[in-house]
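The values are calculated or read from the model by the stated rules, or taken from the named source; none is laboratory data. No experiment lies behind these values; they were computed from the predicted model shown. Note that each Cβ is placed from the backbone with ideal geometry, even for glycine, and that neighbours are counted across all protein chains shown.
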């Protein structure tokens with residue numbers, strides 16, 4: 001069985017037709033992070049779009065194309081696939097990559113070596129790091145191990161969560177709530193040494209319920 005050959009070409013971004021079956025949706029935050037990385041002189045295009053010359057449409061790279069000047073030449077891997085094969089690539093390309101398991105310690109070491117200037121990229125790195133730690137906490141094989149989560153890895157106010165806000169009208173009640181829920185001042189250090197410091201007012205909902213239930217003896 002012959003294998004479709006791939007070739008690398010530089011093509012104007014605006015001439016690449018998007019795929020109507022593309023199921024991936026990109027948030028404004030993701031698109032801004034992509035812009036910053038593509039504009040980074042040390043990074044730029046560290047990859048390529050994937051294009052099917054038989055159907056004349058993209059398979060991968062829709063987000064990168066959308067944040068690029070239509071007249072700019074971009075790297076494109078060009079292949080030749082049937083429509084059925086194209087659908088199979090579309091439906092499996094990202095999920096297969098997502099099957100890889102992340103190592104939070106290895107990622108943390110890599111983060112220490114990187115100096116990210118963009119706020120969007122720094123937040124992307126931070127959220128990825130927090131997600132790796134959370135995923136390892138949820139691993140059944142790791143449940144018997146003591147949690148190694150650092151305070152700065154807890155939910156942060158700028159992350160996207162459904163939430164309940166508690167309003168305290170005096171400092172005493174506020175401090176009492178912080179004490180009961182174990183909320184402490186945290187310090188987040190981004191690559192390059194930049195920091196965010198503040199009182200961590202966000203706490204995982206299930207964690208709060210468990211703490212309050214334990215303190216009230218399970219009373220409803």
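Remarks
- Hey, residue 108 without any contact (Cβ under 8 Å) to a residue 12 or more places away in the chain and farther than 17 Å from residue 18 by Cα or not: no
- Selection within the range 22-59 - at pLDDT 95 or above and under 15 Å from residue 87 (Cα atoms): 50, 51, 52, 53, 54, 55, 56, 57, 58, 59
- Among the residues examined, residue 67 does not qualify as more than 22 Å from the chain's Cα centre (by Cα), closer than 28 Å to residue 115 by Cα and at pLDDT 90 or above.
- Going through (1) out of contact with any helix residue (DSSP H, G or I) (no Cβ under 7 Å at 6 or more places or on another chain); (2) farther than 14 Å from residue 15 by Cα one by one, residue 63 falls short only on (1).
- Qualifying position, being modelled with pLDDT under 75, surrounded by fewer than 14 Cβ atoms within 10 Å (Cβ to Cβ) and under 30 Å from residue 213 (Cα atoms), among 169, 185: 185
- Scanning the range 15-34 for residues that are out of contact with any helix residue (DSSP H, G or I) (no Cβ under 8 Å at 6 or more places or on another chain) and assigned to a helix (DSSP H, G or I) returns 15, 28.
- Residue within the range 44-58 that is crowded, with 17+ Cβ neighbours inside 10 Å and assigned to a helix (DSSP H, G or I) present: no
- Residue within the range 113-131 that is at pLDDT 85 or above and either surrounded by 12 or more Cβ atoms within 10 Å (Cβ to Cβ) or within 16 Å of residue 21 (Cβ to Cβ) (or both) present: no
- Subset of the range 59-73 [surrounded by fewer than 16 Cβ atoms within 10 Å (Cβ to Cβ) and in contact with a strand residue (DSSP E or B) (Cβ under 8 Å, 6 or more places away or on another chain)]: 70, 71, 72, 73
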